[in-house]
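One structure below.
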Amino acid sequence: MSGSLSIRVKTATKWSTIGEIAARLVPPISSVVLARLLTPDAFGVVATMTMIITFAEIFTDAGFQKYIVQHEFRDNQDRDESINVAFWTNLVMSLVIWGVIAIFRNHLAAIVGNPGMGYVLATACMAIPLAAFSSIQIAIFKRDLDFKTLAKVRIISSLIPLFVTVPLAFWLRNYWALIAGTLSVNIANAVMLTVFSTWKPRWFYSFSKFKEMFSFTVWSMIEAITIWLTSYVDVFIVGNMLSQYYLGLYKTSSALVGQIMGLVTAVTTPVLFSALSRLQSDEKEFQSLFFRFQKLVGLLVMPLGMGLFIFRDFATKMLLGSQWSEAAGFVGLWGLTSAITIVLCHYSSEVYRAKGKPKLSVLAQLMHIIVLWPTVLIAVKYGFETLYVARSLVRIEMIVVNLCIMGLVIKMPVARMITNIFPSCVAATTMMLVLMFPSSEQLGINICYIAIAIIIYLAVIMFFRDERQLLFTIPGIIKSRR
């Protein structure tokens, strides 16, 4: 990797870290307050709305954001024309889809298990054109590794729920507070990105350019559909076969874990994809960068996942409140399996896309869906606990499939992928075995236990030279020049 790109990657990582950590510290705070003001039913309603919105956004984006980040343009004119075509396509498609949803709102609401909430669905889906307006501008910043600007936007927008969603939740005490908060964030993002961006949309469109781009992105769009299916098929099934209460428990539990793990993945994933895309023709540097990121991520997410499993009751009570205690088992098991999935599976998709082979991700997702759907359909009949245990453990299949693809097709040394995270697994497992004790109701005791867990993990990890050196370089990365 060239010195210039290396510096840009370090700078991007630093600003991505600042932006994402600052932005992701606020949502858990908002969640702590909102979980005590709103019932699980309200979160269940919003979960089904989000399912439709995210599906619609697949078609509005059509893979163009990834195209802008990953594609090597011929010159600046080709770049500008492609960006304008992507922007106007996204915006027009989003408005059309929003119109279709508004027309068939009552039917769609009934399909996802919320009959009579068509107007709520149509209002929530205003987020689709707002997100489409910002999508391409975000892609430009990512391509240029300008995560400093994105960090500013993320920090400001992350504060909006505290000033919009939380006050509305005090006043309304229903799902409208969550919907209004989401729309406010989308509006703020659209305004800020337009102000900060040096690129501004102009009246240009080329159907030949669209055809060229779409032929490149069609597999990215198909990949996004398969990812959506694996992410939301369980939400659809739970929403139709269990109550909105259990859907709220189910979705909010996984979202809570996602917010915690996102402190690491949201920082590293966009930087890794952008950097790998620039190194796609240099296999040696490509693998070197991938393994360095994987090792660093493993050092951070393995203790997080194991910690959530050990302190599941305490974490659920502190972050969500006593009315969510039934979700504690899911929070712990989902956190543990998330850590393993992230280091052995999550970044495989970034490799496929950076290599220009999204078909591989589609294959992996389809193979997972074949196992996931029947598993959830059978497990949900036996109750909430059986459901979340089966849903968590079925992720093992996805890990195995991606490791096979990485080894057989990408020619990535799978054995090294496993040994690369072995030290962090040993340290996290040691931490868990030492602290397998009955949970305590006292805040002070739990805080002491968490401090002991951190000390145990760091003490064990220091026995491994590479991990020790990598931990010592993190402060240097954070202080690297802008």
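So here's what we get for this one:
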| quantity | calculated |
| --- | --- |
| Enumeration of residues in the range 143-173 that are of a type in the set (D, E, K, R) and buried (at least 22 other Cβ atoms within 10 Å of the Cβ) | Arg154 |
| Pairs with Cβ under 6 Å, 6+ apart, first in the range 78-99 and free of Cβ contacts under 8 Å to residues at least 12 places away in the same chain, second not charged (D, E, K, R) | Arg79/Phe73 |
| Residue count, the range 358-385 (criterion: in contact (Cβ under 8 Å) with a residue 12 or more places away in the chain and not in a helix (DSSP H, G or I)) | 0 |
| Residue in the range 296-319 that is among the β-branched types (Val, Ile, Thr), in contact (Cβ under 8 Å) with a residue 12 or more places away in the chain, assigned to a helix (DSSP H, G or I) and surrounded by fewer than 23 Cβ atoms within 10 Å (Cβ to Cβ) present | no |
| Only listed residue being assigned to a helix (DSSP H, G or I), β-branched (Val, Ile, Thr) and over 25 Å from Tyr175 (Cα atoms), chosen from Thr252, Thr268 | Thr268 |
| Conditions (1) surrounded by fewer than 16 Cβ atoms within 10 Å (Cβ to Cβ); (2) out of contact with any helix residue (DSSP H, G or I) (no Cβ under 6 Å at 6 or more places or on another chain); (3) more than 30 Å from Glu350 (Cα to Cα); number of the one not met by Ile418 | (3) |
| Subset of the range 174-201 that is of a type in the set (Phe, Trp, Tyr) and in a helix (DSSP H, G or I) - its residue that is surrounded by the fewest Cβ atoms within 10 Å (Cβ to Cβ) | Phe196 |
| Residues (surrounded by fewer than 20 Cβ atoms within 10 Å (Cβ to Cβ) and within 17 Å of Ser215 (Cα to Cα)) located in the range 352-368 | Lys355, Gly356, Lys357, Lys359 |
| Qualifying residues in the range 431-444 (those that are aliphatic (A, V, I, L, M) and either under 12 Å from Met318 (Cβ atoms) or surrounded by fewer than 13 Cβ atoms within 10 Å (Cβ to Cβ) (or both)) - the one modelled with the lowest pLDDT | Met436 |
| The range 385-399 - residue that is among the hydroxyl-bearing types (Ser, Thr, Tyr) and over 18 Å from the mean Cα position of the chain (by Cα) and, of those, farthest from Gly335 (Cα to Cα) | Thr386 |
| Residues that are hydroxyl-bearing (Ser, Thr, Tyr) and at pLDDT below 85, drawn from the range 338-351 | Tyr347, Ser349 |
| Only one of Ala327, Ala390 that is surrounded by fewer than 20 Cβ atoms within 10 Å (Cβ to Cβ) and over 24 Å from Gln280 (Cα atoms) | Ala390 |
| Qualifying position, being acidic (Asp, Glu) and within 14 Å of Ile227 (Cα to Cα), among Glu350, Glu385, Glu397 | Glu350 |
| Qualifying residue in the range 92-104 (condition: surrounded by 22 or more Cβ atoms within 10 Å (Cβ to Cβ) and modelled with pLDDT under 80) | no |
| Pick from the range 260-286, criterion touching a Gly at 6+ places or on another chain (Cβ under 8 Å) and at pLDDT 75 or above, ranking: surrounded by the most Cβ atoms within 10 Å (Cβ to Cβ) | Met261 |
| Some residue of the range 180-196 being at pLDDT below 80 and not small (Gly, Ala, Ser) | no |
| Flag for Ser253 being surrounded by 21 or more Cβ atoms within 10 Å (Cβ to Cβ) and of a type outside the set (A, V, I, L, M) | yes |
| Filter pass, Val257 being under 27 Å from Thr430 (Cα atoms) and modelled with pLDDT under 80 | no |
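The values are calculated or read from the model by the stated rules, or taken from the named source; none is laboratory data. Computed from a predicted model, the values in this text were never measured in an experiment. Positions of Cβ are backbone-derived with ideal geometry, glycine not excepted, and every protein chain shown enters the neighbour counts.
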